[in-house]
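Structure first, commentary second.
The values are calculated or read from the model by the stated rules, or taken from the named source; none is laboratory data. It should be emphasised that the depicted structure is a prediction, and the values quoted were computed from it without experimental measurement. Cβ placement follows ideal geometry from the backbone for every residue including glycine, while neighbour counts extend to all protein chains displayed. SASA here: full protein model, heavy atoms, side chains in, ligands and nucleic acids out. Shrake-Rupley method; radii C 1.70, N 1.55, O 1.52, S 1.80 Å.
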Amino acid sequence: MSTPSVRLTLDEASGHYQPGQRLTGRFMVDGSKPWAVRASELSVMWYTAGQGEEDFSVHYFDRLVDEPGLPLDLRVPRRFATVLPQSPWSYDGRIVKVCWCVRLRLTLPQGNDSLTEVPFRLGSVPAVEESQGREESPESETQG
Amino acid sequence: MGWSTLNSNTNLELNREDVIPSRHSNPFATCWTRPGALPFLFAEGLTAELLIARLAANRWRGQIIGPHGCGKSTLLATIAPLLRAAKRRIDVVDGFEELSRWRRWSKRLTCRWWNSGLLVTAHRSVGLPTLMELSPDQELVRRLVSQLCERTATGLSAADVDASSARHGSNVRETFFELYDRHEQLARARVNRRRQRA
Amino acid sequence: MPLRLRLFVKKRGTRRTSAPWQGMLGEVLLDVVLLSTGASFLYWLASRFLLAEEVTYGWWPWLVSVIPLALVVYGVVGLAVVLWESVTSAERRAAVAQRATDWDLSGVPARADRPDLPTVPPIDAVIDSPGVQLAYRLPIDAASGWVSATMAAVCLAWNTLVTIFVIQVVDSHMIGRPNWLLTWLMLPFVMAGLWTLVALGRQLLMTSVVGTTRLEVSQHPFYPGGRYEVFVSQTGRLQVRWLQVQLICEEHAVYQQGTDTRRATARVNREILYSGRKFDIEHGRGFETRCSFTVPARAMHSFAATHNAVQWSLVVRGRLSRWGDIERRFPVYVYPKAG
């Protein structure tokens, strides 16, 4: 079954945000005729990646439902906006990464889902460097 | 098989500080390597259909055996649709030997009573017909790594992969964890060199 | 012929070996069985005892009714959860859960010392204890204190049991009817008991000889780029080969593979705040030092989720003559700067 062509964009081209900053964007589905989308769910969320199980939390959630008499036509761009929280910051660690994204889930007929994600950065924590934190015995340090 | 180190369209060429962290930062993150995320790669001549045929030939009773991290749960996830399509009562137990002896015995008796099939995974034989004995080799690990790196390129070389695979033997899970660390190491070393040049 | 429900499938963590709907159907059946069992039992209890007009049975039927009531509640809640999970996506469930924790209970004042910082652990345990030299005294990592307590508990329990049997053995010898089988069987247990006593004695001696490590900080929580003071004191009678005070940052990740749990830790930042070599700590005088440090300006804040964490600690590490290496860990918290 083909999936709709989704356009999910953030207004901030760099994708870098600061805590407390307003995040805005839009989403739409391309096509000459409307897709039979039962519902759309937009989440602004963070999740972890790396060597552990995935943790995640949703900061902002908006659901649009296809109703009789009020069909959901996503060819019309829909805007979204939220003020980002103070934490957690995006973090590119060694075994733990904290990742922020805007995720759009479209519920299609017959229980199929279409998932689109756009990552963004919250905060200004640089990636962990390779040399940081290396353990050396003080006795070997002073014996050189 | 070629290995791409630096692909012109990958994040690795960018200053790592510009890269937005995501699950695509490392192709060996657990979200990509956990059972079910990677399809099971069958050895030459073996297919999921053949495995189901073997199970059917043994009156729908069988075991898949192999050491830790060799892909037993991944295999179950891969053949699950075929098991459903068989339209037969089948009990699937992942980690059969972790049940007590009493539970194992009663499970087998219950399946016989209900005329239900029984497919189990275990680290060693539990007395059922062996359908498949998993023993991943270096070639399989290379294929898996190649699949993982289709989405996100890595600076790892074939030698890195082979060395890790040799250290961990058939434990592919531990191999992936080590390759994860190695990928991170290389990526950050590249960032350090760029910073020093700047 | 439809697939039979596989009620005995060993679900390993979040992985499945069947279709989601089959697992759900199994759960629904279990909830229905619990609900109907609880309701039937409650009905019987009520009609037979609770609402009996002819004879009063006292308070015990009311106490017993807690059991079927619990089954009913479990069944109802279980059904509601299964229904909810079957019609909602993971993001929607997480969003609802998040909103629930954000609700303020009416009448409960907001905690001024805890700004709204999701995933940043609270610092109550740290700021509860004022310091003598500086503002706050840091609590030591709880894990260290449990070692002596656990050893003492094991020693006490083991030796109590062994003593009971030893008394019987000695008694049998004293009345002239020695039980040699029991005597020989008890020997390894007695040896093990003596070993636990020796180990506990050594642990207690080490605790008393090595003494207490006290750490105080000028401010808490820390912020990236902030400058702080730390005061360290170590008591005991020790010959120190080297001693360091470090500020470290570690990542922790837990990965569950069925019944196996893999824990990984990676140290990503280490700053040596103090380093000393070859000195003695005398009983009654102790060792004290004070130093300043700066948290890296672009450091990651403390982060705690279910399976992943970023933790900061002040660590006192050293090597002692005769006693080997010591490490005392004091968790600290780095908060994000307000945006």
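Annotations
- Filter result for residue B:155 (part of a loop (DSSP other than H, G, I, E, B), at pLDDT below 90, more than 19 Å from residue C:257 (Cα to Cα) and touching a helix residue (DSSP H, G or I) at 6+ places or on another chain (Cβ under 6 Å)): yes
- Condition met for residue B:84 (within 14 Å of chain A (Cβ to nearest Cβ), open to solvent by 10 Å² or more (accessible area, probe 1.4 Å) and without any contact (Cβ under 8 Å) to a residue 24 or more places away in the chain): no
Residue-wise test of (1) part of a helix (DSSP H, G or I); (2) open to solvent by 90 Å² or more (accessible area, probe 1.4 Å); (3) at pLDDT 80 or above.
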{"residue": "C:22", "(1), (2), (3)": "yes, no, no"}
{"residue": "C:28", "(1), (2), (3)": "yes, no, yes"}
{"residue": "C:31", "(1), (2), (3)": "yes, no, yes"}
{"residue": "C:37", "(1), (2), (3)": "yes, no, yes"}
{"residue": "C:54", "(1), (2), (3)": "no, yes, no"}
{"residue": "C:95", "(1), (2), (3)": "yes, no, no"}
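- Condition check for residue C:277: in contact with an Asp or Glu (Cβ under 9 Å, 6 or more places away or on another chain) and at pLDDT 90 or above: yes
- A count restricted to segment A:93-117 and to residues that are open to solvent by less than 30 Å² (accessible area, probe 1.4 Å) and either within 14 Å of chain B (Cβ to nearest Cβ) or under 14 Å from residue A:47 (Cβ atoms) (or both) stands at 10.
- Condition check for residue B:137 on (1) loosely packed, with under 15 Cβ neighbours inside 10 Å; (2) of a type in the set (D, E, K, R); (3) modelled with pLDDT of 90 or more: one failure, at (3).
- Test: residue in segment B:92-105 that is open to solvent by less than 40 Å² (accessible area, probe 1.4 Å) and among the polar types (S, T, N, Q): no
- Residue list for segment A:29-50, restricted to those being under 25 Å from residue A:15 (Cα atoms) and not small (Gly, Ala, Ser): A:29, A:30, A:41, A:42, A:44, A:45, A:46, A:47, A:48
- Unmet criterion (only one of (1) open to solvent by 50 Å² or more (accessible area, probe 1.4 Å); (2) away from chain C (no Cβ under 14 Å); (3) more than 22 Å from residue B:48 (Cβ to Cβ)) for residue B:182: (2)
- Inside segment A:6-22, residues that are touching a residue at least 60 places away in the same chain (Cβ under 8 Å), more than 14 Å from chain C (Cβ to nearest Cβ) and not in a strand (DSSP E or B) make up a count of 2.
- Condition met for residue B:89 (more than 30 Å from residue B:24 (Cα to Cα) and more than 10 Å from chain C (Cβ to nearest Cβ)): no
- Qualifying positions in segment A:118-133 - more than 7 Å from chain C (Cβ to nearest Cβ) and without any contact (Cβ under 8 Å) to a residue 60 or more places away in the chain: A:127, A:129, A:130, A:131
- Number of positions in segment A:43-92 that are open to solvent by less than 40 Å² (accessible area, probe 1.4 Å), at pLDDT 90 or above and over 18 Å from the mean Cα position of the chain (by Cα): 2
- Condition met for residue A:38 (among the basic types (Lys, Arg), touching a helix residue (DSSP H, G or I) at 6+ places or on another chain (Cβ under 9 Å) and facing chain C (nearest Cβ under 7 Å)): no
- The set of residues from segment C:261-285 being more than 22 Å from residue C:311 (Cα to Cα) and either more than 32 Å from the chain's Cα centre (by Cα) or free of Cβ contacts under 8 Å to residues at least 24 places away in the same chain (or both) comprises C:276, C:277, C:278, C:279, C:280, C:281, C:282, C:283, C:284, C:285.
- The residues in segment C:277-312 that are open to solvent by less than 90 Å² (accessible area, probe 1.4 Å) and either part of a loop (DSSP other than H, G, I, E, B) or facing chain A (nearest Cβ under 10 Å) (or both) can be counted, and the count is 16.
- Pick from segment B:90-143, criterion aliphatic (A, V, I, L, M) and part of a loop (DSSP other than H, G, I, E, B), ranking: nearest to residue B:56 (Cα to Cα): B:128
- From the list C:211, C:176, C:236, C:225, the lone residue that is on the phi > 0 side of the Ramachandran plot, out of contact with any helix residue (DSSP H, G or I) (no Cβ under 7 Å at 6 or more places or on another chain) and without any contact (Cβ under 8 Å) to a residue 60 or more places away in the chain is C:176.
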